[in-house]
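Have a look at the structure below before the remarks.
The values are calculated or read from the model by the stated rules, or taken from the named source; none is laboratory data. Here the structure is a predicted model, which means the values were calculated and not measured. Reconstructed Cβ throughout: ideal geometry from the backbone, glycine too, with neighbour counts over all protein chains shown.
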Amino acid sequence: MKRRQVDLPSIVKDVNVIMVDIEGTTTSINFVKEELFPYVRREVRNYLHDTWDTNDTGDDVLALTQQVMEDVAEGVAGSKPLPAGGESEREDLIAALVTNILGMMDADRKVTPLKTLQGHMWRKAYRDGTITGHVYEDAVEALKAWKKEGKKLVVYSSGSVQAQKLLFGYSCYGDLLHYFSQHFDTTVGSKVETESYLKILRQLHCGPDQVLFLTDLVKEARAATEAGLKVILSVREGTAALTPQDRKDFPVITSFGQLLSHPAEGDSPPAKKRAGKEKKEGEEKEEEDKEGEGKEVEDKEGEEKEDGDKEGEEKKEEEEDDE
Ligand SMILES: [Mg+2]
């Protein structure tokens, strides 16, 4: 059977918004499975112990305690009763909470108290450099190119918005958060429900054919297609196998590079806009990182500095912490 020929860059050219999934798309599945979650398992006891008196951990412990009590009452597998209160029993309580937290993680439960605690632990790990967000180099290059072309870039991931911002804000290629203007997580709905994509479209104020969604999961791809979005499937190391039908239904990429039009492929290179506009701090840093790789990075015209809500969040908090 002959594979249909699809001009991938032209799909990108025809949309205004590019929405990316993270795990299996911009980022290695192994990073999430072999770094983020093991970190929580390994460190949760120490983390609770060290941060016990902070407001965040106080709130987390309260929420987790309520969750465990419900779980025990309902006989949820892996749940264990907590010891009765009492100041002197802090270590016992921590030990019992850890048992329950690991049980929730074993069962891959998505309950909010667990997700919130994980988010707080990852925030600490990203900030102190224990964890660096993995992003594929080809994804960084494409984000840069698309931003330059004036595309609006957004994220839709099952990971919380906070977790998304940490991953891109503290990535192996530096702070990439400024490329994205909006983040969506499962608070808009499940990624396999068409309705979630319709909600996102309303928030983006644009028609479905103006949005390209990149994801590794076929169920998400089908839900997004139902909503009218354009979809391209991402195949990365460790992503779920695609059937011949999946490959028939969707264009497939193994690198974001396949979505870029390369000057070398044309008869003559497209006229480059030589602007010599001032470069932004973050970009210069990235250019240094890429030095010697012969990548086309010099032309910064047309890039707009997004308001970068990051500034208003993690970074600022840190400054405040220092004061
Ligand atoms: Mg994914």
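Under 6 Å between Cβ atoms, which residue pairs at least 6 apart in sequence (or on different chains) link something in segment 57-71 that is surrounded by fewer than 20 Cβ atoms within 10 Å (Cβ to Cβ) with a partner that is modelled with pLDDT of 95 or more and in a helix (DSSP H, G or I)?
Thr57/Thr51
Of all residues in segment 228-250 being of a type outside the set (Val, Ile, Thr), touching a residue at least 40 places away in the same chain (Cβ under 8 Å) and buried (at least 17 other Cβ atoms within 10 Å of the Cβ), which is farthest from Leu143 (Cα to Cα)?
Leu229
For segment 10-25, check the following and say yes or no: at least one residue is under 27 Å from His262 (Cβ atoms), outside any loop (DSSP other than H, G, I, E, B) and out of contact with any strand residue (DSSP E or B) (no Cβ under 8 Å at 6 or more places or on another chain).
Restricting attention to segment 10-25, the residues satisfying the condition of being under 27 Å from His262 (Cβ atoms) are 10-22, 24-25.
Retained after the next criterion (residues that are outside any loop (DSSP other than H, G, I, E, B)): 10-13, 17-20.
Next, from what is left, pick out any that are out of contact with any strand residue (DSSP E or B) (no Cβ under 8 Å at 6 or more places or on another chain): 10, 13.
Scanning segment 10-25, I find at least one residue that is under 27 Å from His262 (Cβ atoms), outside any loop (DSSP other than H, G, I, E, B) and out of contact with any strand residue (DSSP E or B) (no Cβ under 8 Å at 6 or more places or on another chain), so the answer is yes.
Take the conditions assigned to a loop (DSSP other than H, G, I, E, B) and of a type in the set (Asp, Glu) and apply them to Asp60. Does it pass? Steps first, answer last, please.
Working: assigned to a loop (DSSP other than H, G, I, E, B): no; of a type in the set (Asp, Glu): yes.
In short, no.
What are the pairs with Cβ atoms under 7 angstrom where one residue, in segment 15-28, is within 14 Å of Val140 (Cβ to Cβ) and the other, located anywhere, is polar (S, T, N, Q) and near the ligand (Cβ under 6 Å from one of its atoms)? Sequence gap at least six, or different chains.
Every condition considered, the pairs that remain are Thr25/Thr215.
Among the listed residues Val135, Val140, Val155, identify the single one that is more than 24 Å from Lys199 (Cα to Cα) and within 16 Å of the ligand (Cβ to nearest atom). Steps first, answer last, please.
Values: Val140 fails: within 16 Å of the ligand (Cβ to nearest atom); Val155 fails: more than 24 Å from Lys199 (Cα to Cα).
Result: Val135 is the single residue among Val135, Val140, Val155 that is more than 24 Å from Lys199 (Cα to Cα) and within 16 Å of the ligand (Cβ to nearest atom).
What are the residues in segment 205-221 that are crowded, with 16+ Cβ neighbours inside 10 Å, within 16 Å of the ligand (Cβ to nearest atom) and assigned to a helix (DSSP H, G or I), if any?
Selection gives Val218, Glu220, Ala221.
Please give the number of the condition Ala271 fails out of (1) over 24 Å from Cys172 (Cβ atoms); (2) at pLDDT 95 or above; (3) among the small types (Gly, Ala, Ser).
Status for Ala271: all satisfied but (2).
Just wondering, is there one or more residues in segment 107-116 that are within 16 Å of the ligand (Cβ to nearest atom), within 22 Å of Gly238 (Cα to Cα) and not charged (D, E, K, R)?
no
When you go through Val192, Val235, Val231 one by one, which is the residue that is touching a Ser or Thr at 6+ places or on another chain (Cβ under 6 Å) and either at pLDDT below 95 or farther than 22 Å from Asn30 by Cβ (or both)?
Details: Val192 fails: touching a Ser or Thr at 6+ places or on another chain (Cβ under 6 Å); Val235 fails: either at pLDDT below 95 or farther than 22 Å from Asn30 by Cβ (or both).
Unique residue meeting the criteria: Val231.
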